[in-house]
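The values are calculated or read from the model by the stated rules, or taken from the named source; none is laboratory data. Remember, predicted model here, so these are calculated numbers, not experimental data. Here the Cβ is made from the backbone with ideal geometry for all residues, glycine too, and neighbour counts use every protein chain on show. The protein model used for the area step is the full one, side chains on, heavy atoms only, and it has no ligands, DNA or RNA in it. Shrake-Rupley method; radii C 1.70, N 1.55, O 1.52, S 1.80 Å.
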Amino acid sequence: MSTEFETVVGLEVHVELKTDTKIFCSCKTAFGAEPNSQVCPICSGFPGMLPVLNKKVVEYAIKSGLAINAEIAPYCKFDRKNYFYPDLPNAYQISQFYLPICTDGYLDINVEGTKKRIRITRAHMEEDAGKLVHEGTIMTTSYSLVDLNRTGVPLLEIVSEPDLRSSQEARAYLEKLRSMLLFAQVSDAKMEEGSIRCDANVSVRPLGDKNLGVRVEIKNLNSFKALEKAIEYEAKRQMEAIEDGEPLIQETRTWDEEKSITRSMRTKEEAHDYRYYPDPDLPPIKIDQEWIDSIRQTMPEMPDKAQERLMGKYGLPEYDAALITVSPYNLKFFDQCVALYPDAKTVSNWMMGELSRLLNQNSQEIEQCHIKPEMLADMLKLINDGTISGKMAKSVFEEMFKTGKSAGHIVKEQGMIQISDEDTLRKIIQEIVEQNPGVVEDYKNGKEKAKGFFVGQVMKATKGQANPGAVNKVLSDFLSKE
Amino acid sequence: MVISLQEVEHIAMLARINITEEEKKEFAGQLSAVLQYAEKLNEINTEDVDPLYHILPIYNVFREDEIIESPDRNELFANAPVFQDGYFKVPKIL
C-alpha cells in the first residue's frame, strides 16, 4: 500500500544589504571589482583590528524587519561563529546567534488563488565570507584562489518556519520576500549576482502526521528554478527511501544543476561545531521605539498597499494589480505611464502583454530596457488619435524595444501612418473590386465571407496601414451600391 | 567539571592541531582546572541579576556608511606567502 506524503520546507535566505561600505569597515562593497581591491586590515582579519558597526546596516535591518512584519528587538548583539575555511580570514564569522535583531515575522503568499501565511522565525545581521575561485573545478585543482572583496559585506539572514508545503509555495515565498526587500529598498536582491541566496530545509512525512521527518538542508540554490527543482527532487528521493524501508539521515546536500540531483556534502556527525560566543569587540545595540518609528516613516509604499491602490483608484482587476506590484520597478513604470496616459487598463495590458513578452524573450529587466514609461504613453496616444492601428502598434512597440526610438519617430521613419481617409480607401477598394468580379458575385449571392476577403486585400495593398473601421464602412457602402 | 580525553581530542580536531597522548592528558588536566575555577561563579545567587552581554556599559557604537579607499592590494600581499593574478593562493580545502 502506498502512503500519501506531505513535503515540509523551511527556507534560510541570505540577503546582501546595499550599503556603500562593509558592515565593520569602510571598504567599498561594489560588485564585480578587481579581486582584493576592496580589502583592508579589518576585513582581512589582521591582528589587532577593531570592527566598528555600520549604522546603515542596522537601519536596513530594521527596515527589512518592518517589511516582513517582524518584532524589532530592543536589545541585540553580535556573536562569533567559529570555523576554519580559506574564505574566512578571521576563522570566525561575526553573526547574531543568541539575540537576533528581528523575530516573529510573517509573509502572506498566494499560490493559485489560495492565500497562506508563512511565519518567519528570525532575521539576523552578519558579515559575508570571501569568494574562492578555482581553475577548472574544486575537484581537479590542488589550490584555491581567494578574493576577499566580499568578506564583510553586510548580510541579513532571514529564516522561515517549516510552513511551506510544496516547491510552488517555496517559490512564492521567495518571490514575495524578494519583492518586499526591493520595495523596502534595502537590497538589489539579484539572484544571478548572489545578492539574494537561498538554502532549503526539506523533509517529508505521511500526510496527517504531526511530527517532522528527518531534515535535509540543500545548498547552492542559485535561481527560482533551481529552488523548485531541488525541492521536488529531494522530496521524491526521501519518499522513495521511506517506501523502500531505507533509513534517511540528517545531512547537508548540494544541488547539482547540471545533473538535476542533490548530492550529499556532509552528515550530522560531521556537522560543524561552531562554538558561538559573544564578540567582545562589538558593543550591544539598543533600539528604542523612536528609532523604529523614524525608520517606519521612511518606508515607501509596500506591494500590498500599492495593489489596493491600483484596484481602488484605477479599477484594475486583482490579477493585473498583483503582477504590476511584483517589483517596485514595474509599479514605477505603471505609475509614470498612467500619469501621462490615464487609461490604466490599457497601460496594464501592454505591460503584461507585449512588454513582458519581449522582456522574457530577451532576458531583460523592465528598469534596464529601452522602453520608458513616457514612450509607451506616447505610443498609446498615437493609437488613441487614430494615427496608428493596434496592429501597427505592435510592430512599432517591437521597434521601440529594439532601438529605443520614440513611436512618433518610428512611424515617420517607416511611413506607417494609418490610412483613414475615405477617398483614398475608396480608390484602393475600387481597384480590388474590379480585379475580383467573381467575389463580388459571391457577396451578392449572400456569402458574407466575401467581405472578409476584400478587407484582407485592402490590408495587403496598404501593408496593414488601412484603418480597419474606415475600410469596413467604405466597403459596405461600396458593395451595397454594386 | 572534568574534561575527558575524548573531549580534548574533539577540541584539538576543531582547532586543527595534532597533539600527542602525553599532551592530551596534560591539556585535560589544565582545561578541567580552568573550568573548575570558573565554576566558583555558580556559588553566587544571580536570580535577580540581568545577564551581562558585554563587559563595558556602552552600546550603539556606530560609524557612518562612508567609503575610505582600501589600501593597495600589494600591501596585503606583502603578508601572504603566495599570490597569483590578484588573488591569495592557498591549498584547497574540501
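Before moving on, here are some points about what is shown:
- Cα-based radius of gyration of segment A:5-291 once divided by 2.2 N^0.38 Å, which approximates compact folds: 1.02
- Protein heavy-atom surface of segment A:301-413, 1.4 angstrom probe: 51% of the accessible area is carbon and sulfur, with nucleic acids and ligands not counted.
- Going from the isolated chain to the complete set of protein chains, segment A:26-42 loses at least 30 Å² of heavy-atom accessible area (1.4 Å probe) at A:S26, A:K28, A:P35, A:N36, A:V39.
- Protein accessible area in segment A:178-231, 1.4 Å probe - carbon and sulfur %: 45 percent
- The mean accessible area for residues of segment A:301-413, using a 1.4 Å probe and ignoring ligands and nucleic acids, is 50 Å² per residue.
- Isotropic mean projected area of the C-alpha convex hull, segment B:1-44 (nm²): 3.1 nm²
- A:L248-A:K372 FRET efficiency (beta carbon distance; Förster radius 60 Å; 0.05 resolution): 0.65
- Length available on full extension from A:R119 to A:K236: 0.36 nm per residue minus the Cα-Cα distance, which gives 39.6 nm.
- Beta bridges by DSSP in segment A:187-275, antiparallel share as percent, to the nearest 5: 70 percent
- Modelled spin labels at A:E441 and B:D85, positioned 7 Å past Cα toward Cβ, are 7.9 nm from each other.
- Think of a 1.4 Å ball rolled over the protein heavy atoms: segment A:97-209 then has 38 Å² of accessible area per residue.
- Stretchable slack from A:D273 to A:R165, in nm (0.36 nm times residue separation minus alpha-carbon distance): 35.9 nm
- Inter-label distance for B:A33 and B:D50, nm, one decimal - labels placed 7 Å from Cα along Cα-to-Cβ: 3.8 nm
- Using alpha-carbon coordinates, inclination of helix B:21-38 to the longest axis of chain B, degrees: 70 degrees
- Cβ-Cβ FRET estimate between A:K225 and B:F77, R0 fixed at 45 Å, reported to 0.05: 0.70
- Each principal axis of the Cα atoms in the protein assembly as shown has its own extent, and those three values, largest first, are 116, 65, 54 angstrom.
- Full-stretch length increase - A:A339, A:N384 - with 0.36 nm per residue and alpha-carbon distance subtracted: 14.6 nm
- Total formal charge among the other residues, if their Cβ is under 15 angstrom from that of A:R275, Lys/Arg +1 and Asp/Glu -1: -1
- Global dimensions of segment A:301-413 from alpha-carbon coordinates: Rg and Dmax equal 13.7, 43 Å.
- A:S95 - accessible surface, heavy atoms, 1.4 Å probe, Å² rounded to 10: 0 Å²
- Amide H contacts under 5 Å for A:L221: A:C198, restricted to partners 5 or more places along the chain or on a different chain, H placed in the peptide plane at 1.01 Å from N.
- Inter-site label distance for A:D256 and A:E422 at 7 Å from Cα along Cβ, in nm: 7.4 nm
- Between the beta carbons of B:E21 and A:E12, assuming R0 = 51 Å, the FRET efficiency works out to 0.80 to the nearest 0.05.
- Acute angle (nearest 10 degrees) that the helix A:55-67 long axis makes with the longest principal axis of chain A, alpha-carbon atoms: 60 degrees
- In segment A:77-104, the residues that give up 50 Å² or more of accessible area when the other protein chains are added, compared with the chain on its own (1.4 Å probe), are A:F84.
- Pairwise inverse Cα distances across chain B, averaged and inverted, put the Kirkwood hydrodynamic radius at 19.2 Å.
- Surrounding net charge for A:N82, when Lys and Arg each add one and Asp and Glu each subtract one, Cβ distance under 12 Å: +1
- When each of A:K372/A:K449; A:K77/A:K176; A:K190/B:K92; A:K56/A:K131 is checked by Cα-Cα distance, pairs over 32 Å: A:K372/A:K449
- In Hz, Karplus ³J(HN,Hα) per residue of segment A:144-158 (6.51, -1.76, 1.60; θ = phi - 60°; x = Gly, Pro): 10, 9, 10, 10, 9, 4, 7, 4, x, 5, x, 10, 10, 9, 10
- Net charge, B:A80 excluded, C-beta distance under 15 Å - Lys, Arg +1, Asp, Glu -1: -3
- Chain A contacts chain B over a buried accessible area of about 3900 Å², both sides summed; the probe is 1.4 Å and only protein chains count.
- Euclidean distance of C-alpha centroids, segment A:145-188 and segment A:358-428, integer Å: 38 Å
- Relative contact order %, segment A:61-149, counting alpha carbon pairs below 8 Å whose residues are six or more apart: 26 percent
- Backbone N under 18 Å from the A:Y83 label point (7 Å along Cα→Cβ), restricted to segment A:199-241: A:199-202, A:215-222
- Folded to 0 to 90 degrees: helix A:303-314 orientation relative to chain A principal axis, Cα: 20 degrees
- Where only DSSP H runs of four or more residues are counted, chain A gives -12000 deg cm²/dmol as its mean residue ellipticity at 222 nm, each run worth -39500 (n - 2.57).
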